[in-house]
Amino acid sequence: MLNFNWLQNVSAEQAKIIFLILFGIIAVLVLSISNEYIFEGIAKEDRRWYMNLKIWALLVLGSLFYTYYIF
C-alpha cells in the first residue's frame, strides 16, 4: 500500500503549479528535438507540416496545460 502522508502539507494550488511547471518542461524538451530526427526516413519532398510530431505533442500538452490551469 502506498503512503502519501508526506504530501499532506502540499496545497492544491502548489500541486497545480508543480504540474504546470512540469508541462512547461516537457514542452521545452519536445521543442529541443530536431526536425531531421522527426522526419527521419521521409523524403524532403514528401514532408508536410501536419506530419510534424512536435505540433501534435504541443497541441496535446497545451490542452492538458489549459485543463489543469482551469481546474
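Among residues of region 50-66 that are under 22 Å from Glu40 (Cα atoms), none has a Cβ under 7 angstrom from a residue that is hydroxyl-bearing (Ser, Thr, Tyr) and part of a helix (DSSP H, G or I) at a sequence gap of 6+ or on a separate chain. Of all residue pairs spaced 6 or more apart or on separate chains, those with beta-carbon atoms under 6 Å, a first member in region 34-46 that is closer than 17 Å to Ala57 by Cβ and a second member that is assigned to a loop (DSSP other than H, G, I, E, B) are Phe39/Arg47. Filtered by the rule that a residue be of a type in the set (A, V, I, L, M, F, W, C) and surrounded by 10 or more Cβ atoms within 10 Å (Cβ to Cβ), region 4-17 gives Val10, Ala15, Ile17. Filtering region 1-45 to residues that are more than 30 Å from Ile55 (Cβ to Cβ) and part of a loop (DSSP other than H, G, I, E, B) leaves Met1, Leu2, Asn3, Phe4, Gln8, Asn9, Val10, Ser11. For Leu61, state whether it is part of a helix (DSSP H, G or I), out of contact with any Lys or Arg (no Cβ under 6 Å at 6 or more places or on another chain) and either surrounded by 12 or more Cβ atoms within 10 Å (Cβ to Cβ) or charged (D, E, K, R) (or both). Considered against the rule, which asks whether it is part of a helix (DSSP H, G or I), out of contact with any Lys or Arg (no Cβ under 6 Å at 6 or more places or on another chain) and either surrounded by 12 or more Cβ atoms within 10 Å (Cβ to Cβ) or charged (D, E, K, R) (or both), Leu61 comes out as yes.
All of the numbers you see were taken from the coordinates with simple rules; none came from a lab. Note that the coordinates shown come from a computational prediction; the quantities given were computed from them, not determined experimentally. Positions of Cβ are generated from backbone atoms using ideal geometry, with glycine treated the same way; all protein chains shown enter the neighbour counts.
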